[in-house]
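The values are calculated or read from the model by the stated rules, or taken from the named source; none is laboratory data. Because the structure is a prediction, the values reported are computed rather than measured. Here the Cβ positions follow ideal geometry from the backbone for every residue, glycine too, while neighbour counts run over all protein chains shown.
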Amino acid sequence: MFMSNQINCFLMVSLSFFIYAAPIFALDTIEVGGKGDTCVEDPECINRIHSDIPMVARAQQGQTILFHTRDAVDYLGVVAKQTDVRPEAGKDWDFDRVHPMTGPIYIEGGKAGDVLAFTIKKIKPGRYAYTGTGGFASDLMGPGSLKVSWDLNKDYAVSKDIPGIKIPNRSFPGVVTTMPDREKLKEMLAREQALLEAGASVYVPSTKKASPAAICGPNGSKKEECLRTIPPREHGGNMDIRYLQAGATIYLPCYIDGCALAIGDLHFAQGDGEVSGTAIEMSADVWGVAKIIKNGPDLSHGPHYSGPSSLLDIPSTKFYAATGFPLKKAGAVPPEMEYLQSAKVADLANLSNDINLAARNALDGIVDYIVATYGYNRLQAYIIASVAVDLRIGQLVDTPNVGVTAVLPLDIFDHK
């Protein structure tokens with residue numbers, strides 16, 4: 001059915017802008033991904049970011065796109081290939097393969113300078129998932145590490161490794177991205193290299209198990225320029241925002257014609273912060289539609305998103321929360337600040353307006369509460385915090401002690 005051109009005006013973030021809708025015909029669903037056992041074997045999967053990566057399919061605006069996505073370390077397989085045999089947690093994890101992304105897809109009508117609006121319509125989880133320790137404030141979690149396997153159904157995730165909890169299904173993609181153009185790519189590479197040289201933790205380009213190999217692999221044409229997917233950037237990427245569930249619309253910049261939309265790193269559930277470095281990591285099938293916005297919002301500081309307010313709720317009827325402020329022991333330096341080599345940081349027992357330190361303290365408090373109240377060890381409690389606890393900013397104005405709260409949904413516990 002032919003739809004006439006139309007311009008829909010709507011208000012967003014105090015800016016009025018217009019959605020440009022090109023003529024759209026009723027079209028069948030386009031399916032992308034899932035054609036090999038791993039991302040490297042799949043011609044419609046990538047795990048690096050570069051402006052030269054070719055787009056593997058074309059979609060009309062408004063056409064349903066089905067992404068067959070892979071888990072973050074690419075060892076569970078796509079949904080259709082999962083069997084009754086559950087993979088062992090911790091086996092075949094390979095950081096070089098992070099993050100498989102299905103795509104990129106050329107969106108018809110998209111031009112450099114436009115905004116891409118992608119609306120998630122449906123997410124079908126796979127059968128299995130995993131979570132591991134690491135990530136934010138891991139120095140507070142004590143010795144050792146833990147990897148947890150989850151069994152998934154349409155409603156809950158459960159694990160024999162952390163008995164007594166049921167995590168509700170709040171599936172979303174950790175990665176939604178477009179591709180930067182060459183100018184933006186050079187800018188990103190330069191600033192991250194400068195940060196690395198200053199002593200900060202940065203994930204530099206790596207060719208091992210890079211896909212597509214012809215561009216990003218050991219003999220690739222742009223092997224020193226392909227960005228790792230770990231940090232999000234202006235183009236989107238690994239944003240890990242738990243509110244990007246079915247019903248949400250993500251607004252991404254188009255740096256190149258066609259925009260180059262790609263999706264990956266699906267999570268069954270996650271708390272705000274994803275503090276262990278992983279959520280409930282899974283493969284999934286994702287359905288969505290894309291439209292192009294002309295004269296859209298300014299995304300120079302990062303993508304925008306919108307959706308029903310129900311997506312902002314915690315999945316629980318009651319909660320318990322711990323607060324944190326930027327306080328520490330004199331002589332201690334938070335790990336994230338060591339690269340600054342500041343004698344002042346070490347000497348002080350109170351850092352001014354440091355939201356990172358406040359978040360560490362709120363997390364430490366809620367982990368203590370989980371251990372004391374429910375009997376889990378600290379590593380188990382840390383994983384519970386990563387998949388279920390929301391770290392939220394309480395206030396930024398009460399200098400020097402900005403505040404963070406760690407909100408724990410209590411309905412996840414199934415203790416008698």
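Overview of values
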quantity: Subset tally (residues that are assigned to a loop (DSSP other than H, G, I, E, B) and closer than 13 Å to G134 by Cα) for the range 378-401; calculated: 0
quantity: Lone qualifier among T249, T229 - being out of contact with any His (no Cβ under 7 Å at 6 or more places or on another chain) and either on the phi < 0 side of the Ramachandran plot or of a type in the set (V, I, T) (or both); calculated: T249
quantity: Residue satisfying condition, being surrounded by 24 or more Cβ atoms within 10 Å (Cβ to Cβ) and more than 27 Å from E183 (Cα to Cα), within set D84, D74; calculated: D74
quantity: Selection within the range 129-153 - under 27 Å from V202 (Cβ atoms) and part of a strand (DSSP E or B); calculated: Y130, T131, G132, K147
quantity: Residue match in the range 320-334 (condition: in a helix (DSSP H, G or I), under 30 Å from L408 (Cα atoms) and not hydrophobic (A, V, I, L, M, F, W, C)); calculated: no
quantity: Pick from the range 126-169, criterion surrounded by fewer than 24 Cβ atoms within 10 Å (Cβ to Cβ) and within 17 Å of the chain's Cα centre (by Cα), ranking: modelled with the highest pLDDT; calculated: N169
quantity: Residue that is farthest from N47 (Cα to Cα) [pool: residues in the range 257-283 that are more than 14 Å from the chain's Cα centre (by Cα) and surrounded by 24 or more Cβ atoms within 10 Å (Cβ to Cβ)]; calculated: C259
quantity: Test result for E225, surrounded by fewer than 20 Cβ atoms within 10 Å (Cβ to Cβ) and of a type in the set (D, E); calculated: no
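Table: residues versus (1) out of contact with any Cys (no Cβ under 9 Å at 6 or more places or on another chain); (2) among the aliphatic types (A, V, I, L, M); (3) closer than 22 Å to Y156 by Cα.
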site: L312; (1), (2), (3): yes, yes, yes
site: A332; (1), (2), (3): yes, yes, no
site: L363; (1), (2), (3): yes, yes, no
site: T373; (1), (2), (3): yes, no, no
site: S386; (1), (2), (3): yes, no, yes
site: G394; (1), (2), (3): yes, no, no
site: G403; (1), (2), (3): yes, no, no
